[in-house]
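The values are calculated or read from the model by the stated rules, or taken from the named source; none is laboratory data. From a predicted model like this one, the values you see are computed outputs, not experimental measurements. Using ideal geometry, Cβ is built from the backbone for each residue, glycine included, and neighbour counts are taken over all protein chains shown. Surface areas here come from the heavy atoms of the whole protein model, side chains and all, with no ligands, DNA or RNA. Shrake-Rupley method; radii C 1.70, N 1.55, O 1.52, S 1.80 Å.
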Amino acid sequence: MQKLNILDFGADKSGERLSTAAIQSAIDACPTGGCVVVPEGIFVSGAIFLKSHMTFHLEKGAVIRGSGHTAHFPIHTYRWEGRETLCYSSLLNAGIGVTDKAFAQEGPMRGTAESDSTIYEINDLIIEGEGVLDANGVTLFRKEMDEKKGARGRGVCIRNASDVSISGVTIRQSPAWCLHLINCRNVKIDNVKIHTKYDEEGNRYQGIFNGDGIDCDSCREVTITNSLIESQDDCIAIKSGRDAEGRKAAMASENIHISDCRFESGFGVAIGSEMSGGVRNVTVRHCVFRNTFSIGSVKTCRGRGGVIENILFEDVELLNQDSEHKDCKWFRGGIYVDSYYSNEEISKEPMPVTEETPLIQNITFRNAKVDTCGGNAIYISGLPEMYCKNIVLENVTAVGTYGMKAFFTHGLKMKNVVVTAREGEAYQFEETLRVE
């Protein structure tokens, strides 16, 4: 494997000069199967764009730090919160710009996992090493929000890519989400550390909100293992487009497997709320949650359409002593399935069933322990016109400020479930059919 050291292209390891052009020159010169090496040092950079059939290796002690100047992060079209929109570039990018036309075409744009007709723009990309990608989000967040030329950039954004491996690296303080994957297939993420709320010493990043850890957006065949995420918002979010645009694109997220991870702040693993292209076959196993506000949320609302199905949380444990968030329209508790996400009140009047009506079905929480001071221990709510279906709670012990609430749910199966409420009733069921 041919290795190209960015120092040989003029990069400045002291952090005193901008190294964007040097790093990009090394990437552009990298031959098929080659490796660009970032050695120990601090390298200040604007947006960097990776390509296919290469390795980007950050050695121990290497830091690529965002410059903090919005002019160094050009505007491109990305998907942001489920819609195609102009965004500031991320610190590290792949497949950005070249895919814009593909995502603007008419009609369904991608095949299914069983019959995939996608031609991916990026293939065989490796990001590895013990170094750090520091997006300088505290500075960029303020500037990007003030300029308003586009939505905030991410730490790393990879789009329309196949066969991607990300391992070992630390990604910290993005202006928005830290690692965003859009229409990617065959992705392996292992031993990655993500910090969007606190740095490694526990100091809080001030002024950043909506700082997810990892977002899998219309992605397939993804594994996330052995990773640590300290997030300001969702630790991992599984998405697939929003409302009419997401339904038209018809790009599901499916076959996503998360295991042996540790989550130490944020909102756990979230399915939705932008899920209009569908989400299916997601497993979360052998994970520990400390001072996150939930283990898992499955969330949607009227207008989304689409289906969330076949979701399994197994052998998971939450201990939350952070009281910053309580039960509200954005957050319901330690375990929650919510078809009224972002709505202040639950409307008991059914609406007509249309393509805008979402469906949640076949959701299982097995071998789960919850102890939270924020919100409900367990919360489940379908819609009066579209009940949640086949929700299974098995071997679950849950303690919350409030107990368990279930509304508009058909086929709720509970086996070896113990719920304790610190306030009020332990169980509250309304328009819910239990089968066991």
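Annotation: the antiparallel percentage among DSSP beta bridges lying fully within the chain is about 5. DSSP beta bridges fully contained in region 227-339 are about 5 percent antiparallel. Surface exposure of the chain, expressed per residue as accessible area with a 1.4 Å probe, stands at 37 Å². The heavy atoms of Lys13 offer some 120 square angstrom of accessible surface to a 1.4 angstrom probe. Think of each Lys and Arg Cβ as +1 and each Asp and Glu Cβ as -1; about the Cα centre, that makes the dipole of the chain roughly 220 debye. Expressed as a whole percent, the proportion of Cα-Cα pairs in the chain lying more than 29 Å apart is 44%.
Comparing Tyr88, Tyr78, Tyr340 in a Gaussian network model of the chain (Cα springs below 10 Å), the most mobile by mean-square fluctuation is Tyr340. Here the accessible area of the chain is 47 percent carbon and sulfur, with a 1.4 angstrom probe and all protein chains present.
Taking the charge dipole of region 270-326 about its Cα centre, with +1 at Lys and Arg Cβ atoms and -1 at Asp and Glu Cβ atoms, the residue from Asn320, Ser273, Cys287 reaching farthest to the positive side is Ser273. Given the pairs Lys13/Lys149; Lys143/Lys188; Lys369/Lys405; Lys60/Lys193; Lys3/Lys143; Lys60/Lys143, which span a C-alpha to C-alpha distance of over 24 angstrom in this model? Table pairs above 24 Å Cα-Cα are Lys13/Lys149; Lys143/Lys188; Lys3/Lys143; Lys60/Lys143. Looking at region 139-250 alone, DSSP beta bridges between its own residues are antiparallel in about 5 percent of cases. Per-residue surface analysis assigns Ser347 an accessible area of about 50 Å², computed on protein heavy atoms at 1.4 Å probe radius. Taking the Kirkwood radius as Rh and the Cα radius of gyration as Rg, region 1-93 has a ratio of Rg/Rh equal to 1.00.
Every helix of 4 or more DSSP H residues in the chain counts as -39500 (n - 2.57), and over all residues that averages to -2000 deg cm²/dmol at 222 nm. Sequence-ordered 3J(HN,Hα) estimates for region 333-350 from the Karplus curve with 6.51, -1.76 and 1.60 and θ = phi - 60° stand at x, x, 10, 8, 10, 9, 8, 10, 3, 6, 9, 5, 10, 8, 8, 8, 8, x Hz, glycine and proline given as x. Measuring against 23 Å, Cα to Cα, the residue pairs Lys148/Lys326; Lys239/Lys329; Lys389/Lys415 contain Lys148/Lys326 as the ones spanning a longer distance. What is the distance in Å between the Cα centroid of region 335-363 and that of region 365-407? Here the answer is 15 Å between Cα centres.
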